[in-house]
Amino acid sequence: MQFLHVMARCCLARTITVVSLTVSLSAVGLLTSSCHFLHPLLQPLRKVSYSVYPAHWFHLYSVNMSSYYDSKEKSHHSKALTSPYPGSSVERSKVPSDKVDWLVEWKDYSPVEYTAASILAGPKWADPQISDKHFSLKFNEKDGQVERRSLSGLYKVENGRPRNPVGRTGLVGRGLLGRWGPNHAADPIITRWKRDKSSSKIAHTVSGKNILQFVAIKRKDCGEWAIPGGMVDPGEKISATLKREFGEEALNSLQKSAAEIKELEKQLDKLFNQEHLVVYKGYVDDPRNTDNAWLETEAVNYHDESGETMDNLPLEAGDDAGKVKWVDISEKLKLYANHSHFIKLVAEKRGAHWIEEPVTDCQK
């Protein structure tokens, strides 16, 4: 009898949680999409909130709003404190965890200045030095075709240089990043269910949940496994970047013949034109970040439910990828930057296996 009482309380608590969450998300939806029904004074605020981001960024399908805002509020970095700086022998100034936040006063803060020679050489995709007399930047707004607005909102500019919105990194300049301020990227997360020889989904023996797989690449620069993403070109839509980067890194499209590319495009269109899920928008804890330049991304999940589409797209590493393969999703994944967090959000949304915990009656 005592066991039944415990089970009843457990299931009742879970029901209340679900109802509360549903009400909360409904309220968020009301505030974000129906402000004009509440009060005309809220209209200017609604317009300002939307003007922070490029219009085409909202053309994708449903966002997991709770995951997006949680990740925004809890933005932090640890990998952005990596020393020595990637691809160099430059040591960052040490930043104690309690002094990362800019709001914490630190009069003796003395970061190291470093911008890689490859950036100073002036490739087309990189900004000139701020000290260049013929160069003028427009921060926190669209600067020609270059998007200098941040997904985190307005960032401060001090002495002509943008300031990392998350905190100190122990290094100023741009490091290996081309743009001053936010460097926008896109990460396509392509998933399918793991299946046996009879095409039946395979469930994890402990959690009981079906195992999800995603396409991972092994980066040439650091040897870590990652999502096959890349930088958004000036004036390029996020949706185009997602498809282009996946084709270049996971399908080696840059080395294909014209006929092969045409066939590849058909399959890619089938995959990327379906309903998809934006799982994250915001700051990326990347080892290349500095006080004045940082990575931001939009991670989008494209799921091949039947697996048939990806069967017609043979994986082949290309561009910045050394290897490419399907990887089982679980909490044991160790990926580049904070890619593991993006993958976790996908697993949660798809109801897939992530952590090795048995499913109880209350969780069914």
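The values are calculated or read from the model by the stated rules, or taken from the named source; none is laboratory data. Remember, it's a predicted structure, so these values are computed and weren't measured experimentally. So basically every Cβ, Gly included, is an ideal-geometry build from the backbone, and we count neighbours across all protein chains shown. Heavy atoms of the whole protein, side chains included, go into the accessibility calculation; ligands, DNA and RNA do not. Shrake-Rupley method; radii C 1.70, N 1.55, O 1.52, S 1.80 Å.
Annotation for Asp328 and Trp125: the two label points, set 7 Å from Cα along the Cα-Cβ direction, are 3.5 nm apart.
Take the Cα of His341, step 7 Å toward its Cβ, do the same at Ser136, and the gap between the two points is 3.7 nm. At the residue level, Ile130 shows approximately 50 square angstrom of accessible surface with a 1.4 angstrom probe and all protein chains present. Using a cut-off of 21 Å between Cα atoms, the listed pairs Lys243/Lys270; Lys220/Lys349; Lys270/Lys332; Lys124/Lys270; Lys237/Lys281 include Lys220/Lys349; Lys270/Lys332; Lys124/Lys270 as exceeding that distance. Accessible surface area normalised per residue over the stretch 237-315 is 37 Å², counting heavy atoms of protein chains with a 1.4 Å rolling probe. Compared with the direct C-alpha span, the chain from Ser306 to Glu265 gains 12.8 nm at full extension, assuming 0.36 nm per residue.
Candidate cross-link partners of Lys107 among the aspartates and glutamates, defined by an alpha-carbon separation under 18 Å and a same-chain spacing of 8 or more, comprise Asp98, Glu158, Asp291.
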